Amino acid sequence: QVQLVESGGGSIQTGGSLRLSCSTSGTIYSATTMGWYRQAPGKERELVANMINGANTNYGDSVKGRFTISRDIAKNKVYLQMNNLQVEDTAVYYCNMLIRGHRIRGQGTQVTVTWGQGTQVTVSS
């Protein structure tokens, strides 16, 4: 069976952008569904984005307008462009595909979004 390998994760400040890549050992042309899920510590895995039959796309409510899924058939890759990243986007992102009735998932790539530079003051009473 084909194998999926994610890359492109890392640490970035809020408002920044990253592009995740998913490389497959086989062709993605035969994939009925391809997409991305993510899971943060202590939270359930959630759908980020997927593409059905290379046409229709679906996005999780929290990423609509900020993330874009795309594919490159010639290179057998699927991408996730992530713009205006927020702290809550921090998670492990997994590439997944449905090929010939079998669901395949990669090992994941970590995305960590942190606050930008500045001085934080804590006030208590």
- What is the one condition in (1) surrounded by 11 or more Cβ atoms within 10 Å (Cβ to Cβ); (2) on the phi < 0 side of the Ramachandran plot; (3) touching a strand residue (DSSP E or B) at 6+ places or on another chain (Cβ under 7 Å) that residue 76 does not satisfy? (2)
- Note on the structure: Picked from region 21-72 (must be of a type in the set (D, E, K, R) and open to solvent by less than 70 Å² (accessible area, probe 1.4 Å)), the residue nearest to residue 84 (Cα to Cα) is 66
- Report whether or not residue 85 is open to solvent by less than 70 Å² (accessible area, probe 1.4 Å), modelled with pLDDT of 95 or more and either among the aliphatic types (A, V, I, L, M) or in contact with a Gly (Cβ under 7 Å, 6 or more places away or on another chain) (or both). yes
- Message: Take the conditions in contact with a Cys (Cβ under 7 Å, 6 or more places away or on another chain) and under 20 Å from residue 25 (Cβ atoms) and apply them to residue 106. Does it pass?
- Response: yes
- Query: For region 14-125, list the strands (runs of 3 or more DSSP E) that sit wholly inside it and hold at least 1 residues that are in contact with an Asp or Glu (Cβ under 8 Å, 6 or more places away or on another chain); which are they?
  - Reply: 18-24, 31-39, 77-82, 91-99, 109-114
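The values are calculated or read from the model by the stated rules, or taken from the named source; none is laboratory data. All of these numbers come straight from a predicted model, not from anything done at the bench. Ideal geometry is used to build each Cβ from the backbone, glycine not excepted, and the neighbour counts take in all protein chains shown. Please note that ligands, DNA and RNA were not included when accessible areas were found on the heavy atoms of the full protein model with its side chains. Shrake-Rupley method; radii C 1.70, N 1.55, O 1.52, S 1.80 Å.
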